[in-house]
Amino acid sequence: MFDININMDNMVISNIERQDILYIKDWINNQNLSYLNNTKPIDFNELYERFLEYYVSENEFFLKITNDDNLIGIIKGRIEFKNLNEVWIWNFIIDEKYRGNGIGSKIIDSIKNYFLNSFGIYSFYTVACEKDIKALKFWNKNGFEISRISKGYFNINGNDFDMFILKT
């Protein structure tokens, strides 16, 4: 578990704790993520496994984003300490009420600045399905460009889609 606490305006980006899991599960399942053709709700055990992965790993982070104490997003990722240190963002979800008004970009900027200023890390990666045009536009707008493509990585309803690996 990598301990992170970032304050920005009325928002706080901080570690997800065990007692947050049920609330976060319900929050995720209430988000409009149908554009990913993922109609299966996440269950408690699945989310708890993701929490445990983060909790026992010294390089993982799993963060909640709150605005005036209301959950508005989550972000999960990993820090890779190598010759060139990197941050991988695996999941980033913003409440649909907050999408499209720049809050997601501010959060990503804050995360990038945190790792740059605290650890000198300036290489950031994320992944997106070729089908998720909104995510690709968001990441591109925030300085991420396609670095690699894994052909047929995602299988959605029996159809294979490429995974784009994006890098700043």
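The values are calculated or read from the model by the stated rules, or taken from the named source; none is laboratory data. A quick note: this is a predicted structure, and the numbers were derived from the prediction, not measured. Cβ sites come from the backbone with ideal geometry, for glycine too, and all protein chains shown count toward neighbours.
Read through the list (1) under 22 Å from I6 (Cβ atoms); (2) free of Cβ contacts under 8 Å to residues at least 60 places away in the same chain; (3) acidic (D, E), then give the number of the only condition that D95 fails. For D95, the failing item is (2). Report yes if K134 is charged (D, E, K, R), surrounded by 15 or more Cβ atoms within 10 Å (Cβ to Cβ) and in contact (Cβ under 8 Å) with a residue 40 or more places away in the chain, otherwise no. So K134 fails the test. Checking each residue in the range 59-106 for being of a type outside the set (S, T, N, Q), at pLDDT below 90 and within 24 Å of N117 (Cα to Cα) picks out F81, K82, L84. Residues in the range 90-148 that are among the aromatic types (F, W, Y) and farther than 21 Å from L71 by Cβ were compared, and the one that is farthest from the chain's Cα centre (by Cα) is F119. Across the range 94-105, a minimum of one residue is classified as hydrophobic (A, V, I, L, M, F, W, C), touching a helix residue (DSSP H, G or I) at 6+ places or on another chain (Cβ under 7 Å) and not in a helix (DSSP H, G or I).
Residues of the range 142-168 that are in contact with a Gly (Cβ under 7 Å, 6 or more places away or on another chain) and either closer than 15 Å to W90 by Cα or of a type in the set (A, V, I, L, M) (or both): T168 alone. Of all residues in the range 1-23, exactly one satisfies the criterion of being surrounded by 15 or more Cβ atoms within 10 Å (Cβ to Cβ) and either touching a Cys at 6+ places or on another chain (Cβ under 9 Å) or of a type in the set (D, E, K, R) (or both), namely D20.
Any residue at all in the range 45-57 that's within 13 Å of the chain's Cα centre (by Cα) and β-branched (V, I, T)? No.
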